[in-house]
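The values are calculated or read from the model by the stated rules, or taken from the named source; none is laboratory data. A quick note: this is a predicted structure, and the numbers were derived from the prediction, not measured. A quick note on method: Cβ atoms are made from the backbone with ideal geometry, for glycine too, and the neighbour counts reach across all protein chains shown. Heads up: the accessible areas ignore ligands, DNA and RNA and are worked out on the full protein's heavy atoms, side chains in. Shrake-Rupley method; radii C 1.70, N 1.55, O 1.52, S 1.80 Å.
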Amino acid sequence: MCSQAPEGRDSAGLPPIMPGGPTLPTLCCFLLWVFTIFHKGQGDPASHPGPHYLLPPIHEVIHSHRGATATLPCVLGTTPPSYKVRWSKVEPGELRETLILVTNGLHARGYGPLGGRARMRRGHRLDASLVIAGVRLEDEGRYRCELINGIEDESVALTLSLEGVVFPYQPSRGRYQFNYYEAKQACEEQDGRLATYSQLYQAWTEGLDWCNAGWLLEGSVRYPVLTARAPCGGRGRPGIRSYGPRDRMRDRYDAFCFTSALAGQVFFVPGRLTLSEAHAACRRRGAVVAKVGHLYAAWKFSGLDQCDGGWLADGSVRFPIITPRPRCGGLPDPGVRSFGFPRPQQAAYGTYCYAEN
């Protein structure tokens with residue numbers, strides 16, 4: 001027995017080595033000590049008793065698109081005697097969670113704007129999955145399913161990711177005009193929202209190369225560079241360049257906006273129109289002049305390819321190119337080209353209209 005081993009320990013806590021080699025009791029104590037230390041380091045499951053009710057999700061990222069119905073899975077392996085499930089959305093950059101829905105397994109109550117579009121799936125008695133109808137741009141982000149049973153609360157985290165497109169945006173006054181809140185509003189006015197860092201990174205891998213810095217949803221300021229060059233942060237490695245922490249009220253930059261698939265369609269009306277004539281031309285067709293986000297979404301998801309400049313609602317003139325060709329923007333890559341912000345009275349362009357389906 002270890003209790004019969006010779007008294008005394010060395011500085012490592014080991015039994016002392018006996019003259020003539022270790023005895024059998026001493027060797028047993030040594031092996032028991034090694035076994036105990038190993039399991040403490042590994043986190044022996046037996047040393048952490050207690051129920052674990054929530055099953056880990058098979059997929060932590062759920063992909064969807066605007067207007068779709070998305071399901072965020074949350075499943076119990078077994079049910080506690082009494083419990084509640086609380087769904088919330090983690091707001092990026094704001095260090096807070098927004099409550100969406102609470103259920104006790106029988107009844108559910110929604111909270112806030114998202115709660116009005118959310119419900120429990122209830123595919124079976126252990127199902128606590130959340131269903132969001134009519135997914136919107138602002139629904140993208142991180143969600144938490146939390147089991148509250150008064151003994152040992154548990155939670156799983158999931159991310160709702162929308163397929164979309166990122167576009168840089170600046171007003172007619174020129175670059176670097178927005179503080180953070182103005183940039184956020186500008187994106188919303190153009191049928192988008194401020195892009196997240198992960199969305200900007202994805203856009204960079206798909207070819208976005210832009211020299212002007214812009215606000216992101218988290219409050220950071222960055223810009224994507226594919227071809228490193230002296231006027232664009234130097235000749236270092238390609239990547240997402242960062243301006244570091246910025247003051248959301250005082251500092252001014254452009255915006256990187258994100259939009260997703262459209263519920264309607266964008267079409268081109270040819271002519272030599274002023275901006276006011278462009279609005280009238282779209283109204284006659286039961287439509288409105290398209291926003292910048294509309295045009296980018298039509299280019300990205302509907303394959304709109306039109307080598308003609310057209311008015312947009314913000315007073316800019318742009319055109320979308322899927323297949324680059326001579327005398328059609330002069331650039332080798334697909335994209336949405338811009339003529340900037342001509343005088344509204346200049347009758348030289350057609351217009352892009354947007355109509356709901």
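Can you give me the % of accessible surface on the stretch 131-247 that is carbon or sulfur? Probe 1.4 Å, all protein chains present, nothing else counted. Taking all protein chains in place, the stretch 131-247 shows 47 percent carbon and sulfur surface. A 1.4 Å probe, protein heavy atoms only, puts the accessible area of D314 near 40 Å². Rolling a 1.4 angstrom probe over the protein heavy atoms with all chains in place gives the stretch 182-239 an accessible area of 46 Å² per residue.
For the stretch 104-145, the solvent-accessible area works out to 55 Å² per residue, with a probe of 1.4 Å and every protein chain left in place.
Annotation: per residue accessible area for the stretch 261-356 equals 48 Å², rounded to a whole number [probe 1.4 Å, protein chains only].
The stretch 56-77 and the stretch 267-300 have Cα centres separated by 36 Å. Full extension of the chain between N104 and Q345 gives 80.6 nm of extra length, using 0.36 nm per residue less the Cα-Cα distance. For the stretch 89-134, the relative contact order is 24 percent, taking Cα pairs closer than 8 Å that sit 6 or more residues apart in sequence and dividing their mean separation by the residue count. Here R327 and S155 are evaluated by their C-beta separation; at R0 = 35 Å the FRET efficiency comes out at 0.05.
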